[in-house]
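The values are calculated or read from the model by the stated rules, or taken from the named source; none is laboratory data. Every value quoted in this text rests on a predicted model; they were computed, and no experiment measured them. With ideal geometry, Cβ positions are generated from the backbone for all residues, glycine too; neighbour counts draw on all protein chains shown. In case anyone asks, the SASA skips ligands and DNA or RNA and just uses the protein heavy atoms, side chains included. Shrake-Rupley method; radii C 1.70, N 1.55, O 1.52, S 1.80 Å.
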Amino acid sequence: MPKQVAPDSSRRSQTARRAILAAAFDLLGKVGYAKLSIEGIAAAAGVGKQTIYRWWPSKGALLFDAFLALTTEGEDGQTGALPDTGDLAADLKVVLRATIAELDDPRFDQPMRALHTEIVHDPALAADYAKRLDEPMRELKKARLRAAQRAGQLAEDIDLDVAVDMLFGPVLNRWLQRTGPLNVEYADQVVDTALRGLRPRSP
């Protein structure tokens, strides 16, 4: 007969997990990513190091789950689909402006920079990030572009993955490298410039 987990044990595990994720973010803001350690997180969360290592193989993996927990707070089951008012340019500008606002949020800035640093050096974390966050978000973006194709607003033969990169890549690149201001004007310019090159050619 399979061993069953007692409800109290499951609740304690979830409580400990939430405490660890919260402690990771709290410490990150206080000491910075370079000084963030599993030992420090464990002490702040009131758990043993082995409890953390039972769930996460590395500091980067823990940070990724903490980041996902933060970004999904209060979603109430929403799908995250891009807006579709029929005006592709306006819809994309809304999304890019929201993306810039998120990148500018102090709660997200340092964790996301730390996460991207870890992804560069950790192939396993990079694969997990792609599977759990990047690919699902990319599919939502491509779904909106497919709707625009059906409406005749985009050429039928464009590569949608390349189109997503053209629309969202410049914002992420400017944020990562701090090469210029991230503001509403830049978001709108990215959309206008990309769409001029993606529209179907006149006969």
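Out of the residues in the stretch 149-178 meeting the condition of being touching a residue at least 12 places away in the same chain (Cβ under 8 Å) and not in a helix (DSSP H, G or I), tell me which one is surrounded by the fewest Cβ atoms within 10 Å (Cβ to Cβ).
Applying the filter and picking the extreme gives GLU156.
Sort out which residues of the stretch 48-60 are of a type outside the set (Val, Ile, Thr) and either surrounded by 18 or more Cβ atoms within 10 Å (Cβ to Cβ) or outside any helix (DSSP H, G or I) (or both), and write them in order of number.
Passing the criteria: GLY48, TRP56, PRO57, SER58, LYS59, GLY60.
Test PRO123 against the stated conditions and say whether it is crowded, with 18+ Cβ neighbours inside 10 Å, closer than 30 Å to ALA69 by Cβ and free of Cβ contacts under 8 Å to residues at least 40 places away in the same chain.
Spelling it out, it is not the case that PRO123 is crowded, with 18+ Cβ neighbours inside 10 Å, closer than 30 Å to ALA69 by Cβ and free of Cβ contacts under 8 Å to residues at least 40 places away in the same chain.
Filter the stretch 28-47 for residues that are in contact with a helix residue (DSSP H, G or I) (Cβ under 7 Å, 6 or more places away or on another chain), outside any helix (DSSP H, G or I), open to solvent by 30 Å² or more (accessible area, probe 1.4 Å) and among the aliphatic types (A, V, I, L, M) and give the result.
Of everything in the stretch 28-47, just one residue is in contact with a helix residue (DSSP H, G or I) (Cβ under 7 Å, 6 or more places away or on another chain), outside any helix (DSSP H, G or I), open to solvent by 30 Å² or more (accessible area, probe 1.4 Å) and among the aliphatic types (A, V, I, L, M), namely VAL47.
Quick check: anything in the stretch 19-27 surrounded by 12 or more Cβ atoms within 10 Å (Cβ to Cβ), part of a helix (DSSP H, G or I), of a type in the set (D, E, K, R) and modelled with pLDDT of 85 or more?
Checked against the condition, which is being surrounded by 12 or more Cβ atoms within 10 Å (Cβ to Cβ), part of a helix (DSSP H, G or I), of a type in the set (D, E, K, R) and modelled with pLDDT of 85 or more, the stretch 19-27 yields at least one hit.
I need the full set of residues from the stretch 47-80 which are at pLDDT 90 or above, polar (S, T, N, Q) and in contact with an Asp or Glu (Cβ under 9 Å, 6 or more places away or on another chain), in order please.
Within the stretch 47-80, just SER58 meets the criteria.
For the stretch 87-116, enumerate the residues that are outside any helix (DSSP H, G or I) and either open to solvent by less than 40 Å² (accessible area, probe 1.4 Å) or touching a strand residue (DSSP E or B) at 6+ places or on another chain (Cβ under 8 Å) (or both).
Listed by number, the list holds a single entry, ASP105.
Give me the pairs, please: first residue somewhere in the stretch 4-17 and surrounded by 10 or more Cβ atoms within 10 Å (Cβ to Cβ) and assigned to a helix (DSSP H, G or I), second residue anywhere and modelled with pLDDT of 60 or more and not aliphatic (A, V, I, L, M), beta-carbon distance under 8 Å, and either six or more positions apart or on two chains.
ALA16/THR51; ARG17/TRP55
Restricting to the stretch 179-198, give me the number of residues that are over 22 Å from GLU139 (Cβ atoms) and either surrounded by fewer than 15 Cβ atoms within 10 Å (Cβ to Cβ) or among the aliphatic types (A, V, I, L, M) (or both).
So the count comes out to 12.
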